[in-house]
Amino acid sequence: MFKKILIANRGEIACRVIKTARRMGIATVAVHSDADADALHVELADEAVRLGPAPSRESYLVADKIIAAAKQTGAEAIHPGYGFLSENEDFARRVEEEGLVFIGPKHYSIAAMGDKIASKKLAGEAKVSTIPGWNDAIESPEQAVKIARDIGYPVMIKASAGGGGKGLRVAFNDKEAFDGFSSCRNEAKASFGDDRVFIEKFVESPRHIEIQVLGDAHGNVVFLHERECSIQRRHQKVIEEAPSPFISDATRQAMGAQAVALAKAVKYQSAGTVEFVVGKDQSFYFLEMNTRLQVEHPVTECITGIDLVEQMIRVAAGEKLPFTQEQIPRRGWAMECRINAEDPFRGFLPSTGRLVRYLPPPTSMEAAQPVPEGVGVRVDTGVYEGGEIPMYYDSMIAKLIVHGFDRADAIRRMREALNGFVIRGVTSNIPFQAALLAHPRFASGDFNTGFIAEHYGKGFRAEDVPHDDPEFLVALAAAAYRRYRERASRISGQLPGHELRIGEDFVAVVKGEAGQHRHVPVRIRPGSTLVIELEGKSYEIAKDWSFGGIRASGSCNGRPFTAQIEREGLWTRVAHNGRRIDAMLLSARASELLRVMPYKAPADMSKFLLSPMPGLLVQVAVKPGQAVQAGERLAVIEAMKMENVLVAQQDGTVKELLAGQGESLAVDQPILSFQ
């Protein structure tokens with residue numbers, strides 16, 4: 001067994017590998033860019049080596065620097081994690097040539113299956129059913145349009161070395177094919193150093209189901225059941241679960257057998273994933289093979305009790321798999337939500353900055369530790385409170401994983417865990433996750449990869465978050481207000497005869513847009529538990545909550561709850577099950593006066609192009625005095641490895657450029673103005 005390994009990655013996956021290595025008694029070496037000098041994976045590792053500046057192409061993608069770091073520290077093996085160089089054939093070969101061990105498949109397996117074009121050709125030769133497409137690298141956008149027409153729209157344009165939604169577009173017409181090809185090439189070159197792109201038919205209404213495989217150097221290959229990954233937004237997975245609520249056991253066995261056969265055909269050694277597109281009739285087609293550990297591997301670990309990172313290390317060290325196919329269990333139901341730094345209410349634009357508060361929900365499972373009997377909650381992360389979410393890498397803050405007795409139990413536990421996940425300083429997609437979990441079609445298991453596009457095609461709004469009892473949030477705000485008033489009433493030195501009297505009758509003012517607030521009469525009756533009466537309902541609330549804290553737990557009418565409560569000036573902000581309100585408790589007279597207060601409208605910024613996110617301004621496509629038409633490209637911002645094109649919303653003339661190419665932008669910073 002190795003004595004020391006280097007992890008050629010960052011963030012949560014680097015931390016995840018370190019935890020298993022530590023349990024196995026293996027020393028670890030972290031590598032980092034300048035942006036990650038204070039990152040959690042650097043703190044957890046036994047040693048750390050600086051690679052270079054923040055951009056990936058100058059740090060995490062430089063193979064020479066990573067190999068030099070391994071030699072310098074005496075590491076015997078390199079674990080690539082996922083992304084970056086994890087599926088780079090040349091890097092895997094270089095590692096072996098330098099006398100080190102690559103903790104992953106052999107370079108020839110990566111060449112055969114990791115490359116999307118080569119893998120589809122091999123699958124075709126092996127008589128595996130594949131989706132129609134053009135499997136050779138495409139040289140120009142004009143050629144891409146011609147091929148797309150021949151295949152028939154819609155088509156999927158994919159970077160050969162792509163992954164994680166990077167370098168991938170769906171085109172429904174010639175313009176989208178032309179533009180999508182260029183964007184895919186640019187993203188692929190920036191993220192993977194490989195700009196080859198291919199095109200295949202886009203199968204509408206498909207399910208995305210993948211099979212986890214493990215192989216060793218002795219010819220043994222097994223599959224560890226499937227993962228349901230159909231809940232995707234722009235081809236990036238949002239919620240993953242194991243097993244799938246859709247496929248039958250017969251389909252599961254057939255997919256598993258095909259995945260194992262493909263892995264054996266390329267002498268696969270390590271953990272890998274064979275992805276399938278599955279039709280309504282449970283017919284399935286080979287899509288691609290990811291020759292690395294997947295982001296969503298924890299759900300497989302939960303239902304099987306097998307540490308996949310440990311098996312990767314043991315296989316790389318030459319050990320045999322310690323189990324056969326028949327010995328792999330399947331217990332309960334696991335689900336994973338990717339908690340990303342993005343604003344779901346602003347088109348999921350990236351949100352970077354400092355984590356002012358980071359308080360994950362209480363956990364009962366831990367990566368690299370045995371899965372407890374029954375159920376639990378696990379959080380895999382590479383961040384900490386006070387740390388930075390940089391703009392140079394992907395937007396993931398953490399992975400929230402739950403293990404339940406069955407699917408309904410897993411959904412319930414996930415909703416409760418999301419309620420207790422406190423993130424401040426950057427915006428997260430937790431409200432969106434909560435809305436997905438509460439959607440009837442998700443709860444029933446009736447969905448496909450187009451689910452989010454179908455139900456949230458026009459964006460995500462606060463009113464899209466369902467809640468079985470919205471007035472419960474008002475009652476919580478009233479209960480919190482009562483606690484603050486009780487504390488104020490106990491302040492010493494109050495003038496005799498003029499002490500603070502709390503009273504029982506109030507009006508809860510729930511903040512609305514443009515000053516259109518809702519006024520709700522509320523009665524608060526004190527006692528061992530607070531009884532809140534409003535809108536003809538009664539809420540008996542007992543809660544465990546401290547002043548200055550955000551997460552609040554307790555019971556309402558005998559049922560447990562977890563919510564988030566905090567004060568914002570005179571307002572009390574309450575969040576529960578993805579729904580959030582701001583409420584203020586007033587006397588009846590103060591409520592009447594507030595109704596007649598004038599509303600101060602925000603400044604008119606309609607004549608400015610504002611940056612919708614923090615990021616790097618990589619292109620300004622217009623000049624002062626230039627006339628532009630609606631839909632015309634104005635600027636391009638790069639954030640979290642994605643290009644974001646800003647276009648004109650209406651016809652106009654550019655007046656002045658207020659930011660220059662290469663400048664780092666803050667959210668809502670003006671880029672240019674119009675006449």
Under 27 Å between alpha carbons, and skipping anything fewer than 8 positions from residue 120 in its own chain: which lysines qualify? 106, 146, 158, 166, 175, 189, 201, 237, 264, 267, 280, 641
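Loop-only check: which GluC sites (Glu not before Pro) in the range 42-80 are DSSP coil with at most 10 other Cβ within 10 angstrom?
none
Could you compute how fast the range 422-529 diffuses translationally, taking Rh as the Kirkwood radius over C-alpha pairs and applying Stokes-Einstein at 20 °C with viscosity 1.002 mPa s? Give it in µm² per second.
Values: Rh = 18.0 Å.
This corresponds to a translational diffusion coefficient of 119 µm²/s.
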Cα-centred dipole magnitude for the chain, charges only on beta-carbon of K, R (+1) and D, E (-1), debye, nearest 20: 1080
Phi angles of the range 324-339, converted by Karplus (6.51 cos²θ - 1.76 cosθ + 1.60, θ = phi - 60°) into ³J(HN,Hα) in whole Hz with x for Gly and Pro, give 9, 4, 5, 8, 8, x, 9, 10, x, 9, 10, 9, 10, 10, 8, 8
Cα pairs beyond 23 Å in the range 495-602, in percent, come to 35
Between residue 96 and residue 357, take the C-beta separation as r, use R0 = 45 Å, and let me know the FRET efficiency to the nearest 0.05. 0.50
Using the Cα gyration tensor of the range 21-72, with a ≥ b ≥ c the square roots of its eigenvalues, what is the shape: rounded (a/c below 1.5), prolate (a/b larger than b/c) or oblate (neither)? oblate
Quote the charge dipole size of the range 23-125 about the Cα centre in Debye, to the nearest 20; the model charges only the Cβ of Lys and Arg (+1) and of Asp and Glu (-1). 340
Over the range 377-519, what is the relative contact order in whole percent, taking alpha-carbon pairs under 8 Å and six or more residues apart? 13
With charges set only on the Cβ (+1 for Lys and Arg, -1 for Asp and Glu), what does the dipole of the range 524-675 come to about its Cα centre, in debye to the nearest 20? 440
Within the range 497-583, trypsin sites (Lys or Arg not before Pro) in DSSP loop having at most 13 other beta-carbon neighbours inside 10 Å: 501
Can you send over the solvent-accessible area of residue 427, 1.4 Å probe, protein chains only, in Å² to the nearest 10? 50
Rounded to whole Hz, the Karplus (6.51, -1.76, 1.60) HN-Hα couplings of the range 220-227, x for glycine and proline: 8, 9, 10, 10, 10, 6, 10, 10
Name the residues whose placed amide hydrogens come within less than 5 Å of the amide hydrogen of residue 554, ignoring near sequence neighbours (fewer than 5 apart) on the same chain. 544, 561
Just check the range 348-472 against the gyration tensor rule for me: Cα atoms, a ≥ b ≥ c as the square roots of the eigenvalues, rounded for a/c under 1.5, and otherwise prolate or oblate depending on whether a/b exceeds b/c. oblate
Mind listing the phi-derived Karplus ³J(HN,Hα) values for the range 184-200, rounded to whole Hz, using 6.51, -1.76 and 1.60 with θ = phi - 60°, and x for any glycine or proline? 4, 4, 5, 5, 5, 5, 5, 8, 10, x, 9, 9, 6, 10, 10, 9, 9
Of the trypsin sites (Lys or Arg not before Pro) in the range 1-76, which ones lie in a loop per DSSP and count no more than 12 other C-beta atoms within 10 Å? 3
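Among the DSSP beta bridges whose two residues both lie in the chain, what percent are antiparallel, rounded to the nearest 5?
90
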For a quick check: with amide H placed at 1.01 Å from N, whose amide H comes under 5 Å from residue 398's, ignoring anything fewer than 5 positions away on the same chain? 339
Cα shape, the range 542-627, gyration tensor, a/c 1.5 rule: oblate
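The values are calculated or read from the model by the stated rules, or taken from the named source; none is laboratory data. In this text the structure is predicted, and so the values were computed from the model without any measurement. Here Cβ is always computed from backbone atoms with ideal geometry, including for glycine, and neighbour counts include all displayed protein chains. These area figures cover heavy atoms from the full protein model, side chains too; ligands, DNA and RNA do not enter into them. Shrake-Rupley method; radii C 1.70, N 1.55, O 1.52, S 1.80 Å.
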